[in-house]
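What follows is a short report on a single structure.
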Amino acid sequence: MAEGWITVDGSYGEGGGQILRTSLTCAILTGTPVHIVNIRAGRPQPGLRPQHLVAVRAAAEICAADVEGDAVGSREVRFRPHRVRPGRYRWDIGTAGAVTLVLQTVFLPLALAEQTSHLTIRGGTHVPWSPTWAYVERQWAPYMERIGCSARLHLKRAGFYPRGGGEVEVTVHPTRRPLRPLHAPEGGTLLRLGGTVYIANLPDHIARRQKLTALAALRKYRQDAKITVQRLQAPSPGTLTLVEAHKEHGRGCYTALGEKGKRAEVVAQEAVDRLRAYIESSASVDRHLADQLLLPLALAEGPSTFSTDCVTQHLVTNAHVITRFLPVQIEIEGDVGAFGRVTVIPSP
């Protein structure tokens, strides 16, 4: 490759689409051209799928990048970014691919731009193997706000797996000051438990059963736990249980999706079971937020420390990719699958 290019191996670590998305974001933020090879080599269908292709094209559009390899099935992409251009953008995945992953690819570069951007993204909003829109609203966005990146999120229409057809609108406000570090080495005292059952085009008793099951499980930890029910507009049936634990110095959030033939009680219990490790640990953030915090904290004005109920391969992989682009130290204490503490030290 020509001088100045960074080559990223998409088969590293968990070998999924996160390597692609983080590489694109880092390339835009640093103005560094990147050649991504072996894309999604660790997946049953390697190469770009429709949602990954939309992420590539969205990333390219916001910075007028020169791109090669942007096609479904492509296993390598060359991406040369130019200056970020805030504005109005509309992207349609065309499948139930996750709108949240497209949003997270372009969010930081647009948040660090000089003007407001308005985004409309169509696709899946509540789908497996990706952050659901509920998680992004309730967990990711508040933490981005805490770090210094502000956005207004609006769910116009939900899109459940497998049909999709959802639509979201996001206003990304420019960040006027340096990003703030996060100091949360321990979660501290458990303050409250709660959550929401989201449901569309299904009978009321399904939401009620999820609510009662989740409440019974959460009230083993706190008798004042509360669960609400929210009906969504969507082109197809779907449901999701979200549960969250608020601690003195952090918050954990987990979700579980319904599917045909899966009992409502099972959906709710799955969500609580996923939250349980966070409740019973001293962690400040959940395992999914942990890897999503790395990049904004790598750009913060000082060192950050936080803990997570589980070190994931996603976390380790994301740290590896980020340090390819930025002069930052990311230290992860703890084995994959166990409690861990993360320290992020940006270059002065």
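The values are calculated or read from the model by the stated rules, or taken from the named source; none is laboratory data. This structure is a prediction, so every number in the text was calculated from the model and none was measured. For neighbour counting, all protein chains shown are included, and Cβ atoms are generated from backbone atoms with ideal geometry for every residue, glycine included.
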Name, by its number, the condition in (1) surrounded by 23 or more Cβ atoms within 10 Å (Cβ to Cβ); (2) part of a loop (DSSP other than H, G, I, E, B) that does not hold for Val136. (2)
Cross-chain or 6+ apart pairs with Cβ under 8 Å, region 105-128 first and under 16 Å from Arg163 (Cβ atoms) and touching a residue at least 12 places away in the same chain (Cβ under 8 Å), then of a type in the set (D, E, K, R) and buried (at least 22 other Cβ atoms within 10 Å of the Cβ): none
Matching option when the condition is part of a loop (DSSP other than H, G, I, E, B), in contact with a helix residue (DSSP H, G or I) (Cβ under 9 Å, 6 or more places away or on another chain) and not β-branched (Val, Ile, Thr), among Ala113, Ala217, Ala207: Ala113
Output the number of the condition that Ala60 fails; it satisfies all remaining conditions of (1) without any contact (Cβ under 8 Å) to a residue 60 or more places away in the chain; (2) part of a strand (DSSP E or B); (3) buried (at least 17 other Cβ atoms within 10 Å of the Cβ). (2)
Identify, from the list Leu20, Leu29, the residue that is part of a helix (DSSP H, G or I) and crowded, with 21+ Cβ neighbours inside 10 Å. Leu20
Only one of (1) over 21 Å from Asn201 (Cβ atoms); (2) touching an Asp or Glu at 6+ places or on another chain (Cβ under 8 Å) fails for Ala256. Which number is that? (1)
So which of Pro178, Pro203, Pro162, Pro142 ends up being closer than 30 Å to Pro237 by Cβ, surrounded by fewer than 19 Cβ atoms within 10 Å (Cβ to Cβ) and modelled with pLDDT under 95? Pro162
Answer yes if at least one residue in region 36-52 is in contact (Cβ under 8 Å) with a residue 60 or more places away in the chain and surrounded by fewer than 21 Cβ atoms within 10 Å (Cβ to Cβ), and no otherwise. no
In region 75-106, the residues that are buried (at least 23 other Cβ atoms within 10 Å of the Cβ) and outside any loop (DSSP other than H, G, I, E, B): Val77, Phe79, Ala98, Val99, Thr100, Leu101, Val102, Leu103, Thr105, Val106
Go over the candidates Gly258, Gly250 one by one and state the one that is within 12 Å of Tyr143 (Cα to Cα) and of a type in the set (Gly, Ala, Ser). Gly250
Consider Val72 carefully, then state whether it is in contact with a helix residue (DSSP H, G or I) (Cβ under 6 Å, 6 or more places away or on another chain) and assigned to a strand (DSSP E or B). no
Can you work out which of the residues in region 206-238 that are in contact (Cβ under 8 Å) with a residue 60 or more places away in the chain and under 23 Å from the mean Cα position of the chain (by Cα) is surrounded by the fewest Cβ atoms within 10 Å (Cβ to Cβ)? Gln233
Report, by residue number, each residue of region 214-266 that is small (Gly, Ala, Ser) and touching a Lys or Arg at 6+ places or on another chain (Cβ under 9 Å). Ala217, Ala225, Ala234, Ser236, Gly238, Ala245, Gly252, Ala256, Ala264
